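Following: one structure in structure tokens, then a few remarks.
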Amino acid sequence: MCLPCFDKRLHHQRKSLWVERLKARGNESFGAPPLYRNMSMENWRGLVPPAADEWIKDPDQNLLIFGGVGTGKTHLALGITRGFLLEQRPDITPVWIDAQKLMDELRPKDGEWCDSEDALERVQGANLLILDDYAAERYTEWSADRMSLILRHRHMHMLPTIITSNKGPKEMGAVDERLASRMACGKRIRLGGDDKRKTG
């Protein structure tokens, strides 16, 4: 067997192994809570928006998923994440984090900056970042600056980011135009309908 053929075969075997491991592990493996363990495109209720498949194939920018409470934003974000991993990069480990928790981690504790800097580096450098429920984080000028810093770094280094929010770009822009612009840079998916948590 020639060397290029051997390398191609080895890469295929490794990818198959990564895919099998990914299928066996839940979303908890990249930080999502146990409740979200099995969320995927296969058990998403409703038609999958075309922009979801488009982003999976070409994830070089942000993906903003927005809509009302209980419309399935987190479920779709995790489904898209798994789709991207299975189709494109089964070898990487994404980072999922709730926006409120992230802001808490970025605030220095008792004057100590080490932990907050570690948290900043983790989300800035993640191969894929899923930032969940941004609008639930109480807006402050400090939090907006931190978020802009993260998104600018990721944009400059061409690292894909999925953001879920109950506010669209227009509503965000009324609060902070600069941050809204960074978040909406890429594809957008608007989810409508009733609260799935209430309708079951």
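No lab work stands behind these numbers, since they all come straight from the coordinates. Predicted, not measured: the structure shown is a model, and the values here were computed from it.
Structure data summary
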read-out	value
Length released on extending from R190 to D58, taking residue separation times 0.36 nm less the Cα-Cα span	45.6 nm
Amide H contacts under 5 Å for I163, placed H, 5+ residues apart	L63, L64, I65, L131
When each of K57/K170; K73/K109; K73/K170 is checked by Cα-Cα distance, pairs over 25 Å	K57/K170; K73/K109
Residue-wise HN-Hα coupling along the range 32-45, computed from phi with Karplus coefficients 6.51, -1.76, 1.60 (Hz; x: Gly, Pro)	6, x, x, 4, 9, 3, 9, 5, 8, 5, 5, 10, 6, 8
For the range 164-174, 3J(HN,Hα) per residue [Karplus equation, 6.51 cos²θ - 1.76 cosθ + 1.60, θ = phi - 60°, Hz, x = Gly/Pro]	10, 7, 8, 10, x, x, 5, 5, 4, x, 5
J(HN,Hα) series, the range 84-100, from Karplus relation 6.51 cos²θ - 1.76 cosθ + 1.60, nearest Hz, glycine and proline x	5, 5, 5, 8, 10, 10, x, 8, 9, 10, x, 10, 9, 8, 6, 4, 5
Taking only Cα atoms of the range 21-100, radius of gyration then Dmax in Å	12.1, 34
